[in-house]
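The values are calculated or read from the model by the stated rules, or taken from the named source; none is laboratory data. Note that the structure is a prediction, hence the values are computed from the model and not measured. All Cβ positions, glycine included, derive from the backbone under ideal geometry; neighbour counts span all protein chains shown. These accessible areas exclude ligands, DNA and RNA; they are computed on the full protein's heavy atoms, side chains included. Shrake-Rupley method; radii C 1.70, N 1.55, O 1.52, S 1.80 Å.
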Amino acid sequence: MPQFRAPRGTRDLLPAERAAFARLEGVARDLAARYGYAEMDTPLFEESVVFERGVGAVTDVVEKELFRVTATRGEEGERWALRPEATAGIVRAYIQHGMQALPQPVRVSLCGPMFRYDRPQAGRYREFWQWDVEAIGDPGPAVDAELIELGLRFYASSGLAGVDVHLNSIGDRACRPAYLERLRAYFEAHADALAPAEAERLKVNPLRLLDSKDPDLAALIAAAPRLVDHLCDACASHLAAVQAHLAVLGIEPHLEPTLVRGLDYYTRTAFEFYRQGATGQQQALGGGGRYDGLVELLGGKPTPGIGFALGLDRVVLALAEQGQAAAPAVGPTAIVVGADAEDTATRLRLATDLRAAGLAVRADLAPRKLGRQLEGAARDGAHFAVIVGDELAHGQVQVRDLQAGTQRSANVADLARDLSRGQAGHRHG
Ligand code: HAM
């Protein structure tokens, strides 16, 4: 057993897995650019109150999962928390930097790690990566459909087949309070079925009960009053208009009346992405929704907004389950080896010159026999071995094509051009 290990719920992304993440980040960045969602970043930690107020104090994310940062100096203790999600921080930044003054909506995206003190299991980590996308300042409904389509496009572009969107409306300030009263009365009538923690939640946030993972509550939840049946006219027509826009894009969402999301800032449109055929407690690949009250809640002017975040860890897992391993590592163009085992300086200098000329080149820096160096070059998947010998004094080296099994002399002065031409010729030939 090693003495030290990565903290529970975190993972080292070793090169093969990091490459899988990098590929997904590439897909995300490319799509964000094409759809006009400019990339931004926020700090990995914020004042805790940004999350308490934004995400909601009575949510799992804040109650149980917030990583609070205790400063050991000064009076700043307990004020900070690692970001559990990106939306609250982005909205904080939107207000702080006066982005209301920009043309609306402000379309932004962010790729990075999030932290939740969750019970670790496959696909559920304490440090995980999200691609987050937000459109702030547009009441919809067209932008709602634009975002849902963008989310689905990401999975398709990543090579993950059969992802569906589940859609619901969770109402707004006009219709939700009356519904919550109705829901509270319903659960109060069945109070004996509730565990103490659930009875407590009923008092402060009855909607959370619909999200309960307790199997004993499943039947009760299924029979509970549904918010979609109690939407005000404005919310009902918003939902219908989102569906109409999705239909134009050829997207048919699964309407999911019990979908409530785990964060408090949502209004109206709420959605989650699942793999087709996934049922019950299957983990979402991503989720999002509209948050028309959040900017105001964090101290800005009333401003509508909508966004989503996709869990990159879960996409990597799903791709692996689908039999799509990460792309194999690409070998370097050349490895510089030498007949004089001890002359590592010449090999290093030649490789450095070739790299300065833009090539992917390594040098064998171990003082070992040429045969061993050549074996290493083949194992690393290099296209060429550049063999340094006595003829270097005359500006010449040997170039062995490890893929074709041929060897020839080459001019050092011309080597960079020679190697890149050789590789391109091979690739296209
Ligand atoms: P969320 O549903 O809490 O939404 O998280 C979005 C996605 O992040 C989840 O669907 C899942 O794929 C991934 N995820 C969440 N927790 C974990 C975890 N512990 N381990 C691995 N993956 C996880 C949000 O975060 C909202 N900020 C989305 C949003 C943006 N809404 C509006 N704008």
Where GluC sites (Glu not before Pro) in DSSP loops with at most 12 other Cβ within 10 Å are excluded, longest remaining stretch of the chain: 79-341
The chain: Cys lacking any partner C-beta under 4.7 angstrom: Cys111, Cys235
Where trypsin sites (Lys or Arg not before Pro) fall in DSSP loop in region 340-429, at most 16 other Cβ within 10 Å: Arg368, Lys369
For Ala345, net neighbour charge (Lys/Arg +1, Asp/Glu -1) across residues whose Cβ lies under 15 Å away: -3
Whole-number percent relative contact order across region 323-429, with pairs defined as alpha carbons under 8 Å at least 6 apart: 27 percent
Normalised contact order of the chain, rounded percent, pairs of Cα under 8 Å and 6 or more residues apart: 15 percent
In Hz, Karplus ³J(HN,Hα) per residue of region 34-51 (6.51, -1.76, 1.60; θ = phi - 60°; x = Gly, Pro): 5, 8, x, 9, 5, 6, 9, 9, 10, x, 6, 9, 9, 4, 3, 5, 4, 7
Per residue accessible area in Å² of region 153-195, where ligands, DNA and RNA are left out and the probe is 1.4 Å: 45 Å²
Separation of the Glu188 and Ala22 label points, Cα + 7 Å toward Cβ, nm: 5.9 nm
Cα long-axis angle, helix 370-379 against the chain (0 to 90 degrees, to the nearest 10): 30 degrees
Angle between the chain longest axis and helix 87-96 axis [Cα atoms, degrees, rounded to 10]: 90 degrees
Å² per residue, accessible surface of region 88-151 at 1.4 Å: 34 Å²
Volume in Å³ per residue [convex hull over Cα atoms, computed for region 151-251]: 134 Å³
Å² per residue, accessible surface of region 337-395 at 1.4 Å: 53 Å²
Carbon and sulfur %, accessible surface of the chain computed with the full protein complex present, 1.4 Å: 53 percent
Loop sites in region 172-269: trypsin sites (Lys or Arg not before Pro), DSSP, at most 13 other Cβ within 10 Å: Arg173, Lys213
Folded to 0 to 90 degrees: helix 176-188 orientation relative to the chain principal axis, Cα: 80 degrees
Solution diffusion estimate, µm²/s, Stokes-Einstein, region 302-366, Kirkwood Rh from C-alpha pairs, 20 °C, viscosity 1.002 mPa s: 134 µm²/s
Evaluated over the chain, the Cα radius of gyration and Dmax, each in Å: 28.0, 95
Centroid-to-centroid separation of region 1-22 and region 258-279 [C-alpha atoms, Å]: 29 Å
Among Ala174, Ala244, Ala363: highest mean-square fluctuation, GNM of the chain, C-alpha pairs under 10 Å: Ala363
Straight-distance crosslink candidates among aspartates and glutamates, where the alpha carbon sits under 20 Å from Lys213 and sequence neighbours closer than 8 are dropped: Asp60, Glu63, Glu65, Asp118, Glu188, Asp192, Glu198, Glu200, Glu256, Asp264, Glu272
